[in-house]
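*Asks:* What follows is a single structure, and I will ask about it in a moment.
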Amino acid sequence: MSILQQDESSLDITLGQVLRLPCKFIQGDSKADKALLKSISQQLQATGKNILPVIVKALDEDDYQAVLNTQILDAAKLANLDFVWCIVVDNEMLAQVQIESGQRPQSQAEVQIEPGELSQPQVNLLRASEREITEAFEYIKAHRKGFEKVKPQQVAQAIVEHRKSKKPKSLSFLTNLKCGVGKTKIPALSEFLVVG
């Protein structure tokens, strides 16, 4: 099954095809939070496979570079899985993946395969579970200055309780919850959180 397109590369690999590749043949490390990697790893151990494929670029025969969803690769290695499901792409296909995943589109000249995540996924506060919201705030607290006093569990509980009776239209509702999130923190949160 080909997700993107059927096209033979110089290494005789079908681009866009979902392939099961040995983890040891894939380079790349994620910058994901350790708690997130542990959570993904536990899920992969339970199921024995990943559903979200790692996007890789073929470097040579049996040599790949992870370019997207690298957290899945790291979690699979942490879970001691031998194989991970991947999609092999070239630079043109990577540009399309970036556009489809909502990332800043780049011109062909700008597209470079770099290890690691291409962006931090956003958590939808109207649909996410309390646990997912807690994990998002733990990540924000660990990676952004000014959030040291925020209590992730308390914020998540306040959000879940608030959305039972009201449907917020923007992140500004957080300032009314008395959970340590003021107006000045909203711009930084918009990188990680969405409402809608």
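The values are calculated or read from the model by the stated rules, or taken from the named source; none is laboratory data. All of these numbers come straight from a predicted model, not from anything done at the bench. Note: ideal-geometry Cβ built from the backbone for every residue, glycine included; neighbour counts use all protein chains shown. Only protein heavy atoms, including side chains, enter the accessible area calculation; ligands, DNA and RNA are left aside. Shrake-Rupley method; radii C 1.70, N 1.55, O 1.52, S 1.80 Å.
*Asks:* Among the residues of the stretch 103-130, count how many are open to solvent by 70 Å² or more (accessible area, probe 1.4 Å) and either assigned to a helix (DSSP H, G or I) or modelled with pLDDT of 50 or more (or both).
*Replies:* So in the stretch 103-130, the residues open to solvent by 70 Å² or more (accessible area, probe 1.4 Å) come out as 104-105, 108-110, 112, 114, 121-122, 127.
Narrowing further to those that are either assigned to a helix (DSSP H, G or I) or modelled with pLDDT of 50 or more (or both): 104, 121-122, 127.
Residues in the stretch 103-130 being open to solvent by 70 Å² or more (accessible area, probe 1.4 Å) and either assigned to a helix (DSSP H, G or I) or modelled with pLDDT of 50 or more (or both): 4 in total.
*Asks:* List the residue pairs whose Cβ atoms are under 9 Å apart, where the first residue sits in the stretch 139-152 and is loosely packed, with under 13 Cβ neighbours inside 10 Å, the second is of a type in the set (V, I, T), and the two are 6 or more positions apart or on different chains.
*Replies:* If the second residue must be of a type in the set (V, I, T), the pairs left are G146/T184.
*Asks:* Another question, then. Take the residues of the stretch 143-196 that are under 18 Å from A128 (Cβ atoms), in a loop (DSSP other than H, G, I, E, B) and among the small types (G, A, S): which is modelled with the lowest pLDDT?
*Replies:* The residue in question is G196.
*Asks:* Also, quick follow-up: Examine the stretch 157-180 for a residue that is in contact with a Gly (Cβ under 7 Å, 6 or more places away or on another chain), open to solvent by less than 80 Å² (accessible area, probe 1.4 Å) and either of a type outside the set (V, I, T) or closer than 12 Å to N124 by Cα (or both), and state whether such a residue exists. Don't jump to the end; show me each part of the working.
*Replies:* Quick first cut of the stretch 157-180, residues in contact with a Gly (Cβ under 7 Å, 6 or more places away or on another chain) only: 175.
Pick out the ones that are also open to solvent by less than 80 Å² (accessible area, probe 1.4 Å) and you get 175.
From what is left, the residues that are either of a type outside the set (V, I, T) or closer than 12 Å to N124 by Cα (or both) are none.
No: zero hits.
*Asks:* In the stretch 177-196, which residues are in contact with a Pro (Cβ under 6 Å, 6 or more places away or on another chain) and free of Cβ contacts under 8 Å to residues at least 40 places away in the same chain? Quick ask: steps written out before the conclusion?
*Replies:* Let us first name the residues in the stretch 177-196 that are in contact with a Pro (Cβ under 6 Å, 6 or more places away or on another chain), namely 195.
Once the filter is applied, which keeps residues that are in contact with a Pro (Cβ under 6 Å, 6 or more places away or on another chain) and free of Cβ contacts under 8 Å to residues at least 40 places away in the same chain, the stretch 177-196 yields nothing.
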